[in-house]
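Novice: Got a structure here, written out as structure tokens. Questions coming.
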């Protein structure tokens, strides 16, 4: 009779258990913000109206599609660090810095909400850099840099729509 060890081997990637836990917690907040932003953008894509309908509808689709892909990257990094990725609305509401938007705002207000949500998500990513740098966690730093680039650029593009 063979005995099989069903316990997975300990993670030994050069980042301590406590550092991995801190990074995973920070990434969980980023995942929650990212999911909330995704849902907000998709909702606005469905419900936008007005003279700029077509351009906003298409822009929002591009943004939520990119955001959807990012969710998987963030969740998989959490898993690679040995922690479960949050995946319920209850967890996201608790972890996210972005609040839901009630009702269906006017198109210009949708853009304002998305600027704020993009910037909030960027701040969440940026706040994690101190922990990631201290842990010498280059893969997470790379992920954060990529996300910051997307959120800051998207916020700028959306903000440009609000200029007179």
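Rule-based calculations on the coordinates, nothing more; no lab input. Computed from a predicted model, the values in this text were never measured in an experiment. So basically every Cβ, Gly included, is an ideal-geometry build from the backbone, and we count neighbours across all protein chains shown.
Novice: Compute the angle between helix 138-161 and the longest alpha-carbon principal axis of the chain, please, reported from 0 to 90 degrees and rounded to the nearest 10.
Specialist: Its long axis makes an angle of about 10 degrees.
Novice: Where in the range 62-92 is the amide nitrogen less than 19 Å from a point lying 7 Å along the Cα-to-Cβ axis of residue 7?
Specialist: Under cut-off, by backbone N: 82-84.
Novice: On to the next question. I'd like the orientation of helix 17-47 relative to the chain: the angle between its Cα long axis and the longest Cα principal axis, in ° from 0 to 90, rounded to 10.
Specialist: Once rounded, one gets 30 degrees.
Novice: Right, here's the next one. Compute the long axis of helix 107-127 from its Cα atoms, compare it with the longest principal axis of the Cα atoms of the chain, and write down the angle in degrees, 0 to 90, nearest 10.
Specialist: Taking Cα atoms only, the helix is inclined about 20 degrees.
Novice: Right, another one. Given Cα pairs under 8 Å that are at least 6 residues apart, what percent is the relative contact order of the chain?
Specialist: On the way: 175 pairs, mean separation 49.6, N = 164.
Relative contact order, the chain: 30 percent.
Novice: Measuring from a point 7 Å past the Cα of residue 16 along Cα-to-C-beta, which residues in the range 136-155 have an amide N at less than 16 Å?
Specialist: Under cut-off, by backbone N: 136-137.
Novice: So, one more: Distance from the Cα centre of the range 26-49 to that of the range 63-127, in angstrom?
Specialist: Comparing the Cα centres of the range 26-49 and the range 63-127, I get a distance of 5 Å.
Novice: Here's something else I'd like to know. For residue 53 paired with residue 127, estimate the spin-label separation in nm (one decimal), with each label point 7 Å from Cα along the Cα-to-Cβ line.
Specialist: The modelled label-to-label distance comes out at 3.9 nm.
Novice: If I model a spin label as a point 7 Å beyond the Cα along the Cα-Cβ vector, how far apart are those points for residue 62 and residue 80 in nm?
Specialist: For residue 62 paired with residue 80, the spin-label model returns 2.8 nm.
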